[in-house]
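Contents: one structure, followed by commentary.
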Amino acid sequence: MSSPTPTSRDSRGTAPDAPGEASGEPLRLETFLPYRLSILSEVVSRSLSRIYADRFGIAIPEWRVVATIGQFGRVTARDVGAHSHMHKTKVSRAVAALEGLGYVARSPNPQDMRESFLELTPRGEAMYRELVPQARAFSDALLATLQPEAQKELDSLLTRLQDAARRLGGAETDSAPEASG
């Protein structure tokens, strides 16, 4: 299926010459901002996953867990879910897979026995140290397609869109988990 890509579009995902909403015309996904952002996210995540999937046998959710623990140190599964925007079921499955591969270890929270702390094992730390430079290089290669001023503008625009989406959806502002114990 091929479709022309308009060079400009309005905030509703409609090309300037497209019929108005009252016309009953269908929504054009290829110009609809939420769809385009979702596709971009999927393409970027899948491309990045090639760096760690074959070498370490982990998928996108597992990488996000490892990256979060690597960033903050000892955290809970709830912290991981909040930081990585993953549902608790997905976090739980990813943690179980990482435990099975020997990358993550759990330890009980003495203040709340319903909760465990997650930490990278020495094997997990080695994987993290190997992957971080590759992940940064991937990010740098993406950004290199933009001039420095456009990179700053992109960062600003993404922040504004994320804040607007939270407001429109009634979501609270996310906060990064604090490193636990």
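Here, each number is a calculation from the coordinates, and none is a lab measurement. Everything numeric in this text was worked out from a predicted model, so none of it was measured. Neighbour counts run over all protein chains shown; Cβ positions are idealised from the backbone, glycine included.
Each label point was placed 7 Å from the Cα along the Cα-to-Cβ direction; for Gln162 and Arg78 their separation is 2.2 nm. Under a Cβ-Cβ cut-off of 14 Å, what is the net charge of the residues other than Val132 that fall near it, where Lys and Arg count +1 and Asp and Glu count -1? With Lys, Arg at +1 and Asp, Glu at -1, the neighbours total +1. At an R0 of 41 angstrom, the distance between the Cβ atoms of Thr145 and Met113 translates into a FRET efficiency of 0.25. Taking other residues whose beta carbon is less than 12 angstrom from the beta carbon of Ala96, and scoring Lys, Arg as +1 and Asp, Glu as -1, yields +1.
Computed packing ranks the peptides 24-33, 125-134, 89-98 as 89-98, 125-134, 24-33, most packed first, by mean other Cβ atoms within 10 Å. Extension gain, Ala53 to Glu30, is 5.4 nm, computed as 0.36 nm per intervening residue step minus the present C-alpha separation.
Label sites at Arg129 and Leu154, each approximated as a point 7 angstrom past Cα along Cα to Cβ, lie 3.0 nm apart.
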